[in-house]
Amino acid sequence: MAIGAAGLLVLIVALVVAEGLRQGRNAKPLPGPSLRELGQPRGLSIGTAVRVDALRNEKAYRQLVAAQFSSVTPENEMKWGLVEPERGKFRFEAADAIVDAAGSAGQAVRGHTLVYHHQLPGWLGGLGRAGLRAATEEHIRRVVGHYRGRVAVWDVVNEVIGDRGGLRRSPFAAKLGPDYIAQAFRAARRADPAARLHINEAGADAINPRSDRLYALVRSLKASGVPIDGVGLQMHVDLAGVPPTYVANLRRFAALGVELAITEADVALKLPASAADLRAQARVYRTIVRGCLAVKACRSLTFWGFTDGRSWISETRSGLGAATLLDAALRPKPAFRAVQRALRR
Ligand code: XIL
(Lines give C-alpha, C1' and ligand atoms only; values in the text may rest on other atoms or scores of the structure.)
Protein backbone atom coordinates (compact mmCIF):
# COMPACT_ATOMS: atom_id res chain seq x y z
CA MET A 1 0.00 0.00 0.00
CA ALA A 2 1.51 3.32 -1.08
CA ILE A 3 0.93 6.18 1.33
CA GLY A 4 2.58 8.84 -0.82
CA ALA A 5 4.86 11.70 0.17
CA ALA A 6 2.11 13.73 1.84
CA GLY A 7 0.99 10.73 3.88
CA LEU A 8 4.56 10.05 4.97
CA LEU A 9 4.96 13.66 6.05
CA VAL A 10 1.76 13.50 8.12
CA LEU A 11 2.99 10.30 9.72
CA ILE A 12 6.35 11.82 10.62
CA VAL A 13 4.73 14.93 12.08
CA ALA A 14 2.37 12.75 14.12
CA LEU A 15 5.27 10.69 15.47
CA VAL A 16 7.25 13.79 16.40
CA VAL A 17 4.23 15.30 18.16
CA ALA A 18 3.52 12.03 20.01
CA GLU A 19 7.15 11.84 21.15
CA GLY A 20 7.01 15.48 22.26
CA LEU A 21 3.87 14.77 24.28
CA ARG A 22 5.45 11.69 25.80
CA GLN A 23 8.54 13.62 26.84
CA GLY A 24 6.49 16.45 28.31
CA ARG A 25 4.06 14.21 30.18
CA ASN A 26 3.90 14.36 33.97
CA ALA A 27 4.78 11.27 35.98
CA LYS A 28 1.82 9.41 37.36
CA PRO A 29 2.47 9.70 41.11
CA LEU A 30 3.52 6.46 42.74
CA PRO A 31 1.37 5.12 45.59
CA GLY A 32 2.32 5.74 49.21
CA PRO A 33 5.23 7.63 50.72
CA SER A 34 8.30 8.08 48.55
CA LEU A 35 11.34 5.87 49.01
CA ARG A 36 13.34 8.87 50.18
CA GLU A 37 10.74 9.68 52.86
CA LEU A 38 10.69 6.06 53.99
CA GLY A 39 14.48 5.86 54.16
CA GLN A 40 14.88 9.05 56.14
CA PRO A 41 13.72 7.89 59.61
CA ARG A 42 15.81 4.76 59.12
CA GLY A 43 18.91 6.88 58.47
CA LEU A 44 19.14 5.30 55.04
CA SER A 45 19.71 7.30 51.92
CA ILE A 46 17.95 5.82 48.89
CA GLY A 47 19.56 6.40 45.54
CA THR A 48 19.30 5.63 41.88
CA ALA A 49 21.64 5.67 38.92
CA VAL A 50 20.56 8.42 36.53
CA ARG A 51 21.17 9.24 32.88
CA VAL A 52 21.56 12.76 31.65
CA ASP A 53 19.58 12.29 28.42
CA ALA A 54 16.52 11.08 30.30
CA LEU A 55 16.88 13.77 32.95
CA ARG A 56 17.05 16.44 30.28
CA ASN A 57 14.37 15.15 27.94
CA GLU A 58 11.78 13.32 29.97
CA LYS A 59 9.74 15.21 32.47
CA ALA A 60 8.24 12.12 34.12
CA TYR A 61 11.68 10.57 34.62
CA ARG A 62 12.99 13.81 36.10
CA GLN A 63 10.01 14.12 38.44
CA LEU A 64 10.35 10.58 39.74
CA VAL A 65 14.07 10.93 40.36
CA ALA A 66 13.44 14.09 42.38
CA ALA A 67 10.44 12.71 44.26
CA GLN A 68 11.65 9.23 45.13
CA PHE A 69 15.38 9.42 45.78
CA SER A 70 17.68 11.20 48.21
CA SER A 71 20.84 10.38 46.27
CA VAL A 72 21.83 9.95 42.63
CA THR A 73 24.76 8.31 40.86
CA PRO A 74 25.60 9.28 37.28
CA GLU A 75 25.37 5.96 35.44
CA ASN A 76 28.13 6.77 32.94
CA GLU A 77 28.64 10.52 32.79
CA MET A 78 31.60 10.70 35.19
CA LYS A 79 33.52 7.78 33.74
CA TRP A 80 36.99 8.57 32.48
CA GLY A 81 36.30 8.10 28.78
CA LEU A 82 33.32 10.45 28.92
CA VAL A 83 34.80 13.11 31.18
CA GLU A 84 38.31 13.24 29.69
CA PRO A 85 37.99 11.92 26.12
CA GLU A 86 41.16 13.77 25.16
CA ARG A 87 44.03 14.11 27.58
CA GLY A 88 43.64 17.22 29.69
CA LYS A 89 40.39 18.27 27.94
CA PHE A 90 37.57 17.78 30.36
CA ARG A 91 33.91 17.60 29.36
CA PHE A 92 31.86 18.15 32.45
CA GLU A 93 28.57 19.30 30.84
CA ALA A 94 26.69 16.01 31.17
CA ALA A 95 27.81 15.29 34.72
CA ASP A 96 27.29 18.94 35.68
CA ALA A 97 23.67 18.70 34.55
CA ILE A 98 23.15 15.72 36.87
CA VAL A 99 24.90 17.38 39.79
CA ASP A 100 22.92 20.60 39.28
CA ALA A 101 19.62 18.72 39.15
CA ALA A 102 20.60 16.87 42.32
CA GLY A 103 21.35 20.19 44.01
CA SER A 104 17.88 21.50 43.12
CA ALA A 105 16.24 18.31 44.39
CA GLY A 106 18.19 18.33 47.67
CA GLN A 107 19.97 15.11 46.78
CA ALA A 108 23.44 13.81 47.52
CA VAL A 109 25.62 12.72 44.61
CA ARG A 110 27.73 9.57 44.49
CA GLY A 111 30.58 10.15 42.07
CA HIS A 112 31.10 7.12 39.84
CA THR A 113 33.93 6.45 39.20
CA LEU A 114 37.56 7.61 39.07
CA VAL A 115 39.63 4.52 38.31
CA TYR A 116 37.86 1.73 36.42
CA HIS A 117 39.11 -0.57 33.67
CA HIS A 118 35.96 -0.08 31.57
CA GLN A 119 34.96 2.98 29.53
CA LEU A 120 38.49 4.36 29.45
CA PRO A 121 39.58 6.86 26.79
CA GLY A 122 41.64 5.43 23.95
CA TRP A 123 44.61 7.70 24.61
CA LEU A 124 45.27 6.06 27.96
CA GLY A 125 46.31 2.82 26.28
CA GLY A 126 49.40 4.41 24.76
CA LEU A 127 50.87 5.55 28.06
CA GLY A 128 53.75 3.88 29.84
CA ARG A 129 54.21 3.61 33.57
CA ALA A 130 55.21 7.20 34.35
CA GLY A 131 52.69 8.63 31.90
CA LEU A 132 49.82 6.60 33.30
CA ARG A 133 50.74 7.52 36.86
CA ALA A 134 50.77 11.23 36.03
CA ALA A 135 47.56 11.01 33.99
CA THR A 136 45.76 9.19 36.80
CA GLU A 137 46.83 11.72 39.43
CA GLU A 138 45.80 14.57 37.16
CA HIS A 139 42.47 12.97 36.26
CA ILE A 140 41.56 12.51 39.91
CA ARG A 141 42.77 15.98 40.85
CA ARG A 142 40.73 17.67 38.13
CA VAL A 143 37.52 15.64 38.40
CA VAL A 144 37.29 15.55 42.19
CA GLY A 145 38.40 19.18 42.31
CA HIS A 146 35.68 20.21 39.87
CA TYR A 147 33.01 18.65 42.11
CA ARG A 148 34.57 19.62 45.42
CA GLY A 149 31.79 20.20 47.94
CA ARG A 150 29.13 18.88 45.53
CA VAL A 151 29.89 15.18 45.34
CA ALA A 152 29.46 13.64 48.77
CA VAL A 153 30.98 10.23 48.08
CA TRP A 154 33.35 8.96 45.40
CA ASP A 155 33.70 5.44 44.09
CA VAL A 156 37.44 6.03 43.90
CA VAL A 157 38.24 2.65 42.41
CA ASN A 158 35.77 0.23 40.87
CA GLU A 159 35.99 -3.55 40.46
CA VAL A 160 39.67 -3.90 41.36
CA ILE A 161 39.23 -7.53 42.40
CA GLY A 162 39.02 -10.20 39.72
CA ASP A 163 36.39 -12.92 39.57
CA ARG A 164 38.61 -15.52 41.16
CA GLY A 165 39.61 -13.34 44.06
CA GLY A 166 43.01 -11.94 43.05
CA LEU A 167 43.71 -8.30 42.23
CA ARG A 168 42.32 -7.68 38.75
CA ARG A 169 45.01 -7.40 36.09
CA SER A 170 43.73 -4.05 34.85
CA PRO A 171 45.98 -1.67 32.89
CA PHE A 172 46.43 0.16 36.21
CA ALA A 173 47.55 -2.91 38.12
CA ALA A 174 49.72 -4.05 35.22
CA LYS A 175 51.54 -0.77 34.72
CA LEU A 176 51.48 0.86 38.14
CA GLY A 177 51.51 -2.16 40.44
CA PRO A 178 49.04 -2.82 43.27
CA ASP A 179 49.86 0.47 44.96
CA TYR A 180 47.79 2.35 42.38
CA ILE A 181 44.78 1.82 44.66
CA ALA A 182 46.31 3.59 47.66
CA GLN A 183 47.58 6.36 45.39
CA ALA A 184 44.13 6.93 43.94
CA PHE A 185 42.62 7.33 47.41
CA ARG A 186 45.34 9.77 48.47
CA ALA A 187 44.88 11.85 45.33
CA ALA A 188 41.10 11.96 45.86
CA ARG A 189 41.51 13.01 49.49
CA ARG A 190 43.85 15.83 48.49
CA ALA A 191 41.39 17.06 45.86
CA ASP A 192 38.40 17.14 48.23
CA PRO A 193 39.21 16.49 51.88
CA ALA A 194 35.49 16.47 52.80
CA ALA A 195 34.32 13.88 50.26
CA ARG A 196 33.87 10.34 51.56
CA LEU A 197 35.95 7.85 49.63
CA HIS A 198 34.71 4.39 48.80
CA ILE A 199 36.03 1.30 47.10
CA ASN A 200 33.26 -0.22 44.97
CA GLU A 201 33.14 -3.88 44.04
CA ALA A 202 31.08 -6.31 41.99
CA GLY A 203 30.20 -9.82 43.07
CA ALA A 204 31.41 -9.23 46.62
CA ASP A 205 27.90 -8.99 48.07
CA ALA A 206 28.22 -12.15 50.14
CA ILE A 207 31.09 -14.14 51.60
CA ASN A 208 33.09 -15.57 48.69
CA PRO A 209 36.67 -15.45 47.35
CA ARG A 210 36.11 -12.03 45.85
CA SER A 211 34.77 -10.44 49.02
CA ASP A 212 37.47 -12.21 51.05
CA ARG A 213 40.10 -10.52 48.89
CA LEU A 214 38.27 -7.19 49.13
CA TYR A 215 38.11 -7.54 52.88
CA ALA A 216 41.85 -8.22 53.11
CA LEU A 217 42.53 -5.25 50.84
CA VAL A 218 40.36 -2.83 52.83
CA ARG A 219 41.88 -4.00 56.09
CA SER A 220 45.39 -3.46 54.79
CA LEU A 221 44.52 -0.05 53.30
CA LYS A 222 43.10 1.02 56.67
CA ALA A 223 46.12 -0.36 58.51
CA SER A 224 48.46 1.64 56.25
CA GLY A 225 46.54 4.85 56.88
CA VAL A 226 45.14 5.13 53.36
CA PRO A 227 42.15 7.52 53.41
CA ILE A 228 39.32 5.10 52.71
CA ASP A 229 35.93 5.73 54.31
CA GLY A 230 33.69 3.08 52.91
CA VAL A 231 32.96 0.02 50.87
CA GLY A 232 30.36 -0.13 48.11
CA LEU A 233 28.86 -3.45 47.13
CA GLN A 234 27.20 -3.37 43.73
CA MET A 235 24.56 -6.09 44.17
CA HIS A 236 23.69 -6.93 40.58
CA VAL A 237 21.76 -10.13 41.18
CA ASP A 238 19.04 -12.31 39.69
CA LEU A 239 16.42 -14.75 40.94
CA ALA A 240 19.16 -16.93 42.42
CA GLY A 241 18.86 -14.18 45.02
CA VAL A 242 21.26 -12.86 47.59
CA PRO A 243 23.34 -15.56 49.30
CA PRO A 244 22.53 -16.07 52.99
CA THR A 245 25.98 -14.78 53.97
CA TYR A 246 25.03 -11.29 52.74
CA VAL A 247 24.44 -9.84 56.23
CA ALA A 248 27.47 -11.58 57.76
CA ASN A 249 29.54 -10.09 54.95
CA LEU A 250 28.23 -6.59 55.67
CA ARG A 251 28.98 -7.09 59.36
CA ARG A 252 32.58 -8.14 58.83
CA PHE A 253 33.25 -5.06 56.70
CA ALA A 254 31.49 -2.86 59.23
CA ALA A 255 33.80 -4.25 61.91
CA LEU A 256 36.72 -2.73 59.98
CA GLY A 257 35.27 0.68 60.82
CA VAL A 258 34.12 1.66 57.34
CA GLU A 259 30.70 2.77 56.18
CA LEU A 260 28.87 0.53 53.74
CA ALA A 261 26.73 1.21 50.72
CA ILE A 262 24.75 -0.96 48.38
CA THR A 263 25.60 0.89 45.21
CA GLU A 264 24.03 -0.71 42.12
CA ALA A 265 21.19 -2.98 43.13
CA ASP A 266 19.14 -4.62 40.42
CA VAL A 267 17.53 -8.04 39.98
CA ALA A 268 17.68 -9.34 36.42
CA LEU A 269 14.87 -11.56 35.12
CA LYS A 270 14.70 -13.85 32.11
CA LEU A 271 12.36 -12.36 29.53
CA PRO A 272 9.47 -12.58 29.23
CA ALA A 273 9.00 -12.26 32.97
CA SER A 274 5.96 -14.02 34.44
CA ALA A 275 3.85 -12.71 37.32
CA ALA A 276 5.55 -15.31 39.52
CA ASP A 277 8.98 -13.98 38.44
CA LEU A 278 7.94 -10.46 39.41
CA ARG A 279 6.84 -11.69 42.83
CA ALA A 280 10.09 -13.61 43.30
CA GLN A 281 11.98 -10.50 42.25
CA ALA A 282 10.12 -8.49 44.88
CA ARG A 283 11.32 -10.95 47.53
CA VAL A 284 14.93 -10.54 46.39
CA TYR A 285 14.63 -6.76 46.62
CA ARG A 286 13.11 -7.13 50.07
CA THR A 287 16.11 -9.22 51.17
CA ILE A 288 18.50 -6.57 49.86
CA VAL A 289 16.75 -3.77 51.76
CA ARG A 290 16.39 -5.75 54.98
CA GLY A 291 20.05 -6.76 54.97
CA CYS A 292 21.22 -3.19 54.67
CA LEU A 293 18.77 -2.07 57.38
CA ALA A 294 20.08 -4.79 59.68
CA VAL A 295 23.60 -3.34 59.71
CA LYS A 296 24.01 0.14 61.13
CA ALA A 297 27.03 0.94 58.98
CA CYS A 298 24.97 0.41 55.82
CA ARG A 299 23.84 3.98 55.25
CA SER A 300 22.95 4.09 51.63
CA LEU A 301 21.15 1.91 49.12
CA THR A 302 21.27 2.77 45.44
CA PHE A 303 19.37 1.06 42.65
CA TRP A 304 21.05 0.83 39.25
CA GLY A 305 18.21 2.64 37.56
CA PHE A 306 14.57 2.63 38.61
CA THR A 307 12.68 1.86 35.39
CA ASP A 308 12.84 -1.11 33.05
CA GLY A 309 12.73 1.38 30.20
CA ARG A 310 16.18 2.64 31.20
CA SER A 311 18.22 -0.22 32.53
CA TRP A 312 21.59 -1.59 31.48
CA ILE A 313 20.36 -5.16 32.02
CA SER A 314 17.89 -5.10 29.15
CA GLU A 315 20.35 -3.08 27.06
CA THR A 316 23.42 -5.26 27.50
CA ARG A 317 22.32 -8.76 28.63
CA SER A 318 20.54 -10.64 25.92
CA GLY A 319 17.37 -12.40 27.08
CA LEU A 320 17.43 -10.59 30.42
CA GLY A 321 15.62 -7.48 31.64
CA ALA A 322 12.78 -6.24 33.82
CA ALA A 323 15.43 -5.73 36.51
CA THR A 324 14.19 -2.56 38.24
CA LEU A 325 11.38 -1.32 40.49
CA LEU A 326 9.13 0.26 37.85
CA ASP A 327 8.08 -1.04 34.46
CA ALA A 328 8.95 0.76 31.23
CA ALA A 329 5.77 2.85 31.54
CA LEU A 330 6.92 3.97 35.01
CA ARG A 331 4.27 1.93 36.80
CA PRO A 332 5.22 0.27 40.10
CA LYS A 333 6.07 -3.42 40.00
CA PRO A 334 5.72 -5.76 43.00
CA ALA A 335 9.39 -4.95 43.70
CA PHE A 336 8.57 -1.29 44.30
CA ARG A 337 5.91 -2.11 46.89
CA ALA A 338 8.23 -4.67 48.50
CA VAL A 339 10.93 -2.03 48.91
CA GLN A 340 8.40 0.40 50.40
CA ARG A 341 7.19 -2.24 52.85
CA ALA A 342 10.71 -3.29 53.82
CA LEU A 343 11.64 0.33 54.54
CA ARG A 344 8.48 0.93 56.53
CA ARG A 345 8.81 -2.03 58.87
C1 XIL B 1 27.14 0.25 33.12
C2 XIL B 1 26.06 1.19 32.64
O3 XIL B 1 24.90 0.94 33.36
C4 XIL B 1 25.82 1.02 31.16
O5 XIL B 1 24.96 2.02 30.68
C6 XIL B 1 27.14 1.08 30.40
O7 XIL B 1 26.91 0.76 29.06
C8 XIL B 1 28.15 0.12 30.98
O9 XIL B 1 28.31 0.37 32.37
N10 XIL B 1 29.19 -1.99 37.24
C11 XIL B 1 29.46 -0.65 37.30
C12 XIL B 1 28.77 0.29 36.39
O13 XIL B 1 30.19 -0.21 38.20
O14 XIL B 1 29.57 1.39 36.03
C15 XIL B 1 28.25 -0.38 35.16
O16 XIL B 1 27.43 0.55 34.46
C17 XIL B 1 27.48 -1.63 35.52
C18 XIL B 1 28.37 -2.61 36.24
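Structure above, values below:
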quantity	calculated
Members of the range 51-79 that are surrounded by fewer than 22 Cβ atoms within 10 Å (Cβ to Cβ) and among the β-branched types (V, I, T)	V52
Which listed residue is over 20 Å from V226 (Cβ atoms) and either at pLDDT 95 or above or surrounded by 22 or more Cβ atoms within 10 Å (Cβ to Cβ) (or both), from A194, A174	A174
Test: residue in the range 69-78 that is within 16 Å of the ligand (Cβ to nearest atom), under 19 Å from Y180 (Cα atoms) and in contact (Cβ under 8 Å) with a residue 12 or more places away in the chain	no
Pairs with Cβ under 6 Å, 6+ apart, first in the range 107-118 and away from the ligand (no atom under 12 Å from the Cβ), second hydroxyl-bearing (S, T, Y) and at pLDDT 95 or above	Q107/S70; Q107/S71; A108/S71
All positions within the range 1-24 that are farther than 23 Å from E58 by Cβ and of a type in the set (G, A, S)	A2, G4, A5, A6, G7
Count - residues of the range 182-201 that are touching a helix residue (DSSP H, G or I) at 6+ places or on another chain (Cβ under 8 Å) and without any contact (Cβ under 8 Å) to a residue 60 or more places away in the chain	10
Exclusive hit being over 23 Å from L343 (Cβ atoms) and surrounded by fewer than 19 Cβ atoms within 10 Å (Cβ to Cβ), set V17, V99	V17
Tally, over the range 258-290, of residues that are crowded, with 24+ Cβ neighbours inside 10 Å, among the small types (G, A, S) and assigned to a helix (DSSP H, G or I)	0
Tally of residues being surrounded by fewer than 14 Cβ atoms within 10 Å (Cβ to Cβ), outside any loop (DSSP other than H, G, I, E, B) and not basic (K, R) across the range 119-130	4
Only listed residue being small (G, A, S), more than 16 Å from the ligand (Cβ to nearest atom) and within 22 Å of V50 (Cα to Cα), chosen from A294, A329	A329
Those residues of the range 297-319 which are more than 13 Å from the ligand (Cβ to nearest atom) and aliphatic (A, V, I, L, M), in sequence order	A297, L301
Test: residue in the range 220-229 that is in a helix (DSSP H, G or I), crowded, with 17+ Cβ neighbours inside 10 Å and of a type in the set (K, R)	no
The range 291-319 residues that are more than 22 Å from L343 (Cβ to Cβ), paired with ones that are of a type in the set (S, T, Y) (beta carbon under 9 Å, 6 or more apart)	G309/Y61; G309/T324; R310/Y61; R310/T324; I313/T324
Selection status of L127, in contact with a Leu (Cβ under 9 Å, 6 or more places away or on another chain), more than 19 Å from A49 (Cβ to Cβ) and more than 16 Å from the ligand (Cβ to nearest atom)	no
Residues of the range 155-169 satisfying the condition of being closer than 15 Å to W80 by Cβ and in contact with a Gly (Cβ under 9 Å, 6 or more places away or on another chain)	D155, V156, N158, E159
In the range 23-69, the residues that are at pLDDT 95 or above and among the charged types (D, E, K, R)	R36, E37, R42, R51, D53, R56, E58, K59, R62
Those residues of the range 154-167 which are at negative phi and either touching a residue at least 60 places away in the same chain (Cβ under 8 Å) or surrounded by 18 or more Cβ atoms within 10 Å (Cβ to Cβ) (or both), in sequence order	W154, D155, V156, V157, N158, V160, I161
Residue match in the range 238-257 (condition: within 16 Å of the ligand (Cβ to nearest atom), surrounded by 15 or more Cβ atoms within 10 Å (Cβ to Cβ) and under 21 Å from S71 (Cβ atoms))	no
Residues of the range 147-167 satisfying the condition of being over 20 Å from the mean Cα position of the chain (by Cα) and either within 16 Å of the ligand (Cβ to nearest atom) or outside any strand (DSSP E or B) (or both)	R164, G165, G166
From the options A95, A49, A18, residue that is of a type in the set (G, A, S), in a helix (DSSP H, G or I) and touching a residue at least 24 places away in the same chain (Cβ under 8 Å)	A95
Boolean, A323 is closer than 19 Å to A280 by Cα and either of a type in the set (D, E) or under 15 Å from the mean Cα position of the chain (by Cα) (or both)	yes
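The values are calculated or read from the model by the stated rules, or taken from the named source; none is laboratory data. What you see is a predicted model; the values in this text were computed from it and never measured. For neighbour counting, all protein chains shown are included, and Cβ atoms are generated from backbone atoms with ideal geometry for every residue, glycine included.
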